[in-house]
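K.L.:
My structure is below; once you've seen it, I'll send some questions.
Computed from the coordinates by the stated procedures, all read-outs in this text should not be read as laboratory data. Note that the structure is predicted; figures quoted are calculated from it, not measured. All Cβ positions, even for glycine, are placed from backbone atoms using ideal geometry, and neighbour counts span all protein chains on display.
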Amino acid sequence: MELDSFVISAAVLLAVAAVSVTLFKQLGLGAVLGLLVAGIAVGPYSPGPAITSNVEDVRHFTELGVVLLLFLIGLEMRPTKLWSMRREVFGLGSLQILLSGGAIGAYSFLYQESWGTAMLIGFSLALSSTAFVLQLLQEKGELSARLGSTSFSVLLMQDLAIVPLLALVPLLSDVGTLSAEVPLWVQLLIVVGVLLLVGGTGRYLIPHALERLSRKNNREAFFLVVMLAVFAASAAMHFAGLSMALGAFLMGMLLSGSRYSFQIQAQVEPYKGLLMSLFFVAVGMSIDIGALAERPFLFTQHVVVVLALKIGVLYVLARAFGHGRGIATRLSFLLAQSGEFGFVLFGSAKALGVIDDATFVLAVGVISTSMLLTPLLVRVGDALAMRAPSVQEQSLLRQFDGDHPQPRVVMGGYGRVGHTVAALLQASDIPHITFDTNVAHVAEGQADGHAVYYGDIGDPDLLAAINLDQAETVVLTIDDPPTVMRAVSLIRGSHPGITIIARARDLTACAALIEAGADVAHPEALEASLRLGADVMTSLGIDSRNINEVLGGAREDDYALVREDTAQ
């Protein structure tokens with residue numbers, strides 16, 4: 001039964017999505033899986049009320065969320081950083097597409113009459129979901145970590161691969177061929193021209209326009225110009241036969257060096273979040289449970305084989321490119337699903353008669369179901385990674401065991417705050433070990449006589465190597481909110497009984513860390529303000545006991561006194 005009223009449809013969708021997201025987050029399965037299930041519930045293939053039968057149109061609209069997501073990623077990615085990733089973009093990314101696509105294509109040939117069609121299916125399913133992976137990495141604060149940068153490199157190469165794959169579809173069709181009216185050199189010229197146009201616009205024109213609008217404090221026009229830049233770049237790339245998301249990413253990267261990058265991010269983020277949520281709902285709506293139930297064993301076999309082949313290929317390639325077992329395991333499970341571009345490729349193949357309706361339904365089902373399983377696969381990958389320390393980290397463990405007793409406290413970060421905590425622990429004869437990714441901090445800590453080592457406290461390989469389950473407390477003093485959030489989520493998921501104490505910048509960051517799994521989070525800015533207030537009262541001759549009572553009252557009930565004063 002399809003609902004006729006738009007308002008009623010919106011109300012039903014919001015109600016189902018709210019309940020699903022709340023339930024799945026409560027179960028620790030994440031918001032994405034909840035949105036997928038909500039899409040299944042309100043989709044045209046469910047027995048209940050359907051908000052619409054035009055699922056493909058909804059999905060096309062919500063893909064604007066993927067465009068905005070890539071724009072925001074580009075906004076955090078400077079050209080120099082992208083150039084430093086070229087080995088994994090063109091090396092690891094290209095090999096993943098070729099080997100995964102070839103393996104899945106060989107399997108597909110068992111059910112297809114044509115090698116060409118089988119290979120098209122293989123390469124289409126070899127592509128992962130940019131939307132899913134980046135959203136999950138963003139939620140866990142791992143976009144800037146090694147896992148995040150490697151995943152993004154592979155995804156970026158997959159976006160580039162869309163162009164030749166779309167060109168391959170007409171070649172396999174009996175009813176369509178590549179246009180002979182536009183020579184290849186002309187098509188290449190168009191691509192180069194569009195790239196130069198987008199580059200010039202993003203480098204000079206848009207920043208100049210934003211400069212003038214900011215001087216006039218015209219926030220509405222500022223936002224509209226930003227959105228125009230994003231969608232114009234996407235449309236230009238689409239016109240040239242490239243990915244729209246790639247155009248948005250390029251525009252974001254061009255604006256990343258602008259002084260307005262943080263303001264742009266703040267204005268675009270809410271719209272990206274809404275459209276991405278609707279995108280996941282639309283993917284759920286695409287799953288035709290009835291059609292898949294007609295051949296359940298064959299469908300299940302396809303899903304399992306595709307996931308297994310991609311996991312195996314990704315793991316071997318990641319190890320070959322120098323990643324540890326933990327990163328390789330997490331990467332392979334994170335990118336195991338098939339992606340949203342598969343909908344486009346299979347839709348084009350169906351329209352040109354390359355595949356039949358039954359194959360199309362199965363392919364869309366495999367893509368959607370693999371997306372549905374992604375949050376669970378990520379949890380499995382994280383759990384397995386904790387049991388797979390690399391050789392380098394095992395040697396670190398042996399070195400540590402030989403020089404120091406088993407630590408009761410493990411610390412992340414040896415800056416000014418970490419140095420103070422380490423000094424207090426050492427003065428109290430409490431065994432501890434500290435990790436920092438800043439080589440200067442490591443050298444400084446070792447010069448101070450502390451057990452400070454180079455390492456990322458958010459790396460599961462490292463946590464497994466130091467036997468974190470033997471420690472009692474983890475202290476995070478890192479001055480980087482995404483890194484701290486990632487470490488808290490990872491440690492809490494793998495060691496639910498350990499105490500996690502974290503440093504935060506303010507009360508908002510404290511609340512996010514507590515929700516992620518920290519037992520205690522201290523707001524550095526607020527604590528400094530309290531000490532400043534105490535010094536003011538001391539200068540006025542107030543008794544120290546009264547000052548301590550005031551400070552204690554301010555800290556009670558999660559700084560309730562200060563929150564109330566702030567609210568007023």
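K.L.:
For region 200-221 and region 418-461, what is the separation of their C-alpha centers, rounded to whole Å?
P.N.:
Result: 45 Å between the Cα centres.
K.L.:
With a 10 Å Cβ neighbour count serving as the proxy for reagent exposure, in which order, fewest first, do K216, K25 appear?
P.N.:
With the fewest neighbours first, K216, K25 line up as K216, K25.
K.L.:
Note down the net charge around V378, summing +1 for each Lys or Arg and -1 for each Asp or Glu among other residues with Cβ under 10 Å from its Cβ.
P.N.:
Neighbourhood net charge equals +2.
K.L.:
How much net charge surrounds R408 when only the other residues with a Cβ under 13 Å from the Cβ of R408 are counted, with Lys and Arg +1 and Asp and Glu -1?
P.N.:
Net of charged neighbours comes to -3.
K.L.:
Can you give the net charge of the other residues whose Cβ lies under 10 Å from the Cβ of T499, counting K and R as +1 and D and E as -1?
P.N.:
Charge balance near T499 sits at -2.
K.L.:
Sticking with this structure for a sec: How are the Cα pair distances of region 460-516 distributed, in percent, across 5 Å bins from 0?
P.N.:
Percent of Cα pairs in each bin: 4, 19, 32, 25, 14, 5, 1.
K.L.:
Across 10 Å bins from 0, what is the distribution of all Cα-Cα pair distances for region 424-500, in whole percents?
P.N.:
17, 52, 30, 1
K.L.:
What shape does region 54-385 take by its C-alpha gyration tensor, where a ≥ b ≥ c are the square roots of the eigenvalues and a/c under 1.5 counts as rounded, a/b above b/c as prolate, and the rest as oblate?
P.N.:
prolate
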